[in-house]
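Coordinate-derived values only; no laboratory data. Bear in mind that the values here come from a model prediction, so they are computed numbers and not experimental data. Note that we place each Cβ from the backbone using ideal geometry, even for glycine, and neighbour counts take in every protein chain shown.
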Amino acid sequence: MTAHSAPVAVAHPIASMRFTTEHERPRDQFDAWREITRAISYVEKPDFLDEGYRATLDVHDLGPIQLVSFRQQDVVFDRTADHVRRSGIDHWMLSVVKRGKLHSGTSEREYRASGGSVLFKSFAEPFSGAMEATEFSGIYLSRDDFWYLSDRLDKVSHRLVHGPMADVLGDFLLSVERHAPTLSRADVPALNEAFANLLSAALVPGADSIEAAKPVIAASQFERARHFINENLASPRLNADLVSVALGISRRQLSYLFEMHGGIASYIRDRRLATCHKALTTTTRRKYIGAIAYEHGFTNVASFNRQFRAKYGFGPGEARAAWMSGDRPVSAKVTTFGEWMTRVPQH
């Protein structure tokens, strides 16, 4: 299994990485691919394939969104409830199939896609299917950054996108992919703003047209809790009791909702760390690190420093210094796609 930073030709490039089986011995290639993608799903190679397995995954860090490009031979995949609980990946994904065929579904929905198809899927629920010599590109959307569209995105997940908006979304995604090698970190904020605006414009009428006869489905308890937490991160009073009272649900139910995130306390801590990371790496203002920590709900600077380093593999001072110098620190020993998705700071 090989993972390496993708070559770039610009100053201050976005962080990129390639995971590939091409440097493995043929008999080890599929096992390597299974390890690379183990956080996404369990995979099996069809019996008719010869020894060896050629597959590559390129990923580009665009802050709130992650751009990915998959190229792989035939495969059968199964994302189980255990994956959902343990992987730490509950994103939505907007995908464009460029080549091959894809058949996938959940317990309630099923779709077939081929070259040119545009689709949404959710990694917050189990799904399974198969791909035939498939090449596709996608954008992973963090639920914490796109929480305001959660009901819309959940409605259209595991469905093909049809009509003019399919072309618009697909063209945007492929354009970003084409320009990824020349994107710098300075391009990221404007790109994310453009994507968020496009996504909102596409989903509001899209979701209404898909289920025009049905009332708008209320956000789940977990989504309501997520919204409340994101809106109150700055308060040092934010804890499980406050969320429980605000939403009118029991502590036991709240613990169950956040079990896959290591508990609600861990979730709140990780969101605070992510917002502090964003504050440290998106501004030239030299505000004291302690002040940033206090502004985002931490009450002890030493504890904040320890938690930040434990989460990201580098300290808050290193994050700021790297940003000011035009670099971005990347945690060591990232060897699988799951590690990339859970270790790269999500803003």
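Within the chain, the whole DSSP H helices whose Cα atoms reach 24 Å or more along their own axis and whose mean Kyte-Doolittle score is at least 0.5 are 188-210. Partner aspartates and glutamates whose Cα lies under 13 Å from the Cα of Lys311, excluding those fewer than 8 positions away in the same chain, are identified as Asp270, Glu339. Farthest towards the positive end of the charge dipole of the range 221-339, among the residues Pro236, Ala279, Gly290, is the Cα of Gly290, using unit charges on the Cβ of Lys, Arg, Asp and Glu.
Extending 7 Å from Cα along the Cβ direction at Asp241 and again at Glu51 yields two label points whose distance is 6.4 nm. Once the gyration tensor of the Cα atoms in the range 17-94 is diagonalised, the equivalent ellipsoid follows with semi-axes of 23, 16, 10 Å, ordered largest first.
If R0 is taken as 30 Å, the Cβ-Cβ distance between Asp31 and Tyr288 corresponds to a FRET efficiency of 0.05. When His296, His261, His12 are sorted by how many other C-beta atoms sit within 10 angstrom of their C-beta, beginning with the fewest, the order is His12, His261, His296. Think of the chain as having a plus end and a minus end, set by charges on the Cβ of Lys, Arg, Asp and Glu; of Ala302, Val188, Gln72, Ala302 sits farthest toward the positive end of this dipole. Whole-percent P(r), the range 221-339, all Cα pairs, 10 Å bins from 0: 13, 39, 31, 15, 1.
Between Glu295 and Glu22, residue separation times 0.36 nm minus the direct Cα-Cα distance comes to 93.6 nm. The aspartates and glutamates whose alpha-carbon is closer than 20 Å to the alpha-carbon of Lys155, local same-chain residues fewer than 8 away aside, are Asp90, Glu108, Glu110, Glu125, Asp144, Asp145, Asp167, Asp208, Glu211, Glu223. Semi-axis lengths, largest first, of the ellipsoid equivalent to the range 38-140 are 20, 17, 15 Å, with √(5λ) applied to each eigenvalue of the Cα gyration tensor.
Here's the picture: charge each Lys and Arg Cβ at +1 and each Asp and Glu Cβ at -1 in the chain, and of Gly163, Tyr256, Thr56 the one pushed furthest to the positive end of that dipole is Tyr256. Our analysis of the range 90-159 gives Rg over Rh at 0.97, with the two radii drawn from alpha carbon positions and Rh computed by the Kirkwood formula. A protection proxy built from the mean count of other Cβ atoms within 10 Å ranks the segments 117-128, 69-80, most packed first, as 117-128, 69-80. Taking the convex hull of the alpha carbon positions in the range 138-182 and averaging its projected area over all directions gives 3.9 nm².
Quotient of the Cα radius of gyration of the chain and 2.2 N^0.38 Å, N being its number of residues: 1.00.
Report note on the peptides 25-31, 230-236: ranked by the mean count of other C-beta atoms within 10 Å, highest first, their order is 25-31, 230-236.
For the range 237-323, trypsin sites (Lys or Arg not before Pro) are listed when DSSP marks them as loop and at most 16 other Cβ atoms sit within 10 Å of their Cβ; the list is Arg237, Arg285, Arg286, Lys287.
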